[in-house]
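Enquirer: Dumping the structure here so I can ask a few things about it.
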Amino acid sequence: MRNWTALQWMKGLSISLLLFLNGYLFYRLLPLIGTVAQFLLHVAVPFLAAAIIAYLLHPLVGRVQRIGLPRTIAILSIYALFFGVAGLTLYKGGPILLHELRGLDDDLTNYQKIYQTNVDHVYGSTPEAIHDQVNEALARIRSGLMQSGERVMDWCSGVVQSFLTLLIIPFLSFYILKDAGSIRKHSQLLIPERWRQQTVDLCSEMDRSIGKYIRGQLTVCAILAVMATIGLWILKVPYPIVFGLFIGSTDLIPYFGPFIGAAPAVLVAATKSFYSMAGVVLMIILIQFLEGSVIEPLVVGKSAEIHPLYIMLAVGIGGDLAGIVGMLLAIPCFIVIRTCWRHLNERFRFIDK
């Protein structure tokens, strides 16, 4: 064992003291850091939303521009169509959606009583051991639905209160689209020259891999939401817009999404009649058949090229890590990781050669 000199002991004690003081200072500053981070996040939300909109509309702007229109005119034309349809949808459908959400929130207690009555009838022919499990499952479902409803209502209220912030997003998105080439050029200059070309190649490959998948999936979800809303309205199921949007949004989750999205609509339809429930089930089966055989091959194609086993594994891991949000982000994250792995693998092979 080596003996330390007095100077070495002083250095060690000084470093330990500095680490302790830095840790204590960081601990004391945690409330301030949280406040600053929340402020920065609040400021960054419009820019992030504008960047996402610009990313989704960028290929469409390029196609319109290839017709011969100047880029500014192409952007304004797409803006008129995109935000016109979005604004009209919010103006006409927003009040109806809020009305349905309030009605669903008020009727949750009634639906719970109906299901509790039906479960009590079933209890007579089931073992006593599973009664507590059924009650616990019903309590979890009711709690989840109430929390989801409260979150949606809070989000809608926040959207209304942040109306001025929403007005800024289209302008930010416009300038991002207009100056996309300049932004890309200046962003590349921030990368060290040694790694610049490799990073550009990686980002281009990542954009090709994930861009078409995300745009295609969002288009498919929008189509399914419209189809489900119309189908539920025809079947006279209560709250067709709420359940239709839920079915469309959960379709982003591969394999498990259709079951998650269909469950609330089927349960509410079951309170009406058996035929209404059967109609909803058949409608979901028909929509899934059309999605798998017609809509998805035409819109998305084989852009992702992921084996079903990997999809289920990624969705399972995402669900364990972050719940529904993790399941939604599982496939995009898998595509990013796979693209980086392929790029690094090719790079190392090039170095070996």
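The values are calculated or read from the model by the stated rules, or taken from the named source; none is laboratory data. Everything numeric here is computed off the predicted structure, so don't read it as measured data. Using ideal geometry, Cβ is built from the backbone for each residue, glycine included, and neighbour counts are taken over all protein chains shown.
Enquirer: Starting from segment 49-60, keep only residues that are more than 11 Å from P170 (Cα to Cα), then list their pairs with residues that are in a helix (DSSP H, G or I) and of a type outside the set (S, T, N, Q) whose Cβ atoms are within a distance under 7 Å, requiring at least 6 positions of separation or different chains.
Expert: Taking only residues 6 or more apart or on different chains, the pairs are L56/R215; L57/I78; L57/F82; L57/L177; H58/L177; H58/A180; L60/I78.
Enquirer: Next question. Any residue in segment 178-201 that is within 23 Å of W341 (Cβ to Cβ) sitting within a Cβ distance under 7 Å of a residue that is part of a helix (DSSP H, G or I) and among the hydroxyl-bearing types (S, T, Y)? List the pairs, counting only those 6 or more apart or interchain.
Expert: Qualifying pairs under 7 Å: I191/T199.
Enquirer: Follow-up question, since we're still on this one. Among the candidates G94, G103, G84, single out the residue that is small (G, A, S), in a helix (DSSP H, G or I) and more than 30 Å from F171 (Cβ to Cβ). Outline the logic, then answer.
Expert: Values: G94 fails: more than 30 Å from F171 (Cβ to Cβ); G84 fails: more than 30 Å from F171 (Cβ to Cβ).
Residue meeting the stated conditions: G103.
Enquirer: Does at least one position in segment 232-245 carry a residue that is assigned to a helix (DSSP H, G or I), more than 21 Å from L57 (Cα to Cα) and under 14 Å from the mean Cα position of the chain (by Cα)?
Expert: Here is the first cut: in segment 232-245, the residues assigned to a helix (DSSP H, G or I) are 232-234, 240-245.
Narrowing further to those that are more than 21 Å from L57 (Cα to Cα): 232-234, 240-245.
Narrowing the set further to residues that are under 14 Å from the mean Cα position of the chain (by Cα) leaves 245.
Yes.
Enquirer: How about segment 203-251: which of its residues are surrounded by fewer than 18 Cβ atoms within 10 Å (Cβ to Cβ) and under 30 Å from I183 (Cβ atoms)?
Expert: Hits for segment 203-251 are C203, S204, E205, M206, D207, R208, G211, K212, L218, T219, A222.
Enquirer: Something else now. List the pairs whose first member sits in segment 80-96 and is over 23 Å from Y239 (Cβ atoms), whose second member is of a type in the set (V, I, T), and whose Cβ atoms are under 7 Å apart, counting only residues at least 6 apart or on separate chains?
Expert: Going by the 7 Å Cβ cut-off, there are no qualifying pairs.
Conditions tested, residue by residue: (1) aromatic (F, W, Y); (2) under 23 Å from I96 (Cα atoms); (3) under 20 Å from the mean Cα position of the chain (by Cα).
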position	(1), (2), (3)
G248	no, yes, yes
F256	yes, no, yes
I260	no, no, yes
P264	no, yes, yes
V268	no, yes, no
M277	no, no, no
V280	no, yes, no
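Enquirer: With the structure loaded, tell me whether I210 is modelled with pLDDT of 85 or more and either in a helix (DSSP H, G or I) or of a type in the set (D, E, K, R) (or both) or whether it fails that test.
Expert: Details: modelled with pLDDT of 85 or more: no; either in a helix (DSSP H, G or I) or of a type in the set (D, E, K, R) (or both): yes.
No, not satisfied.
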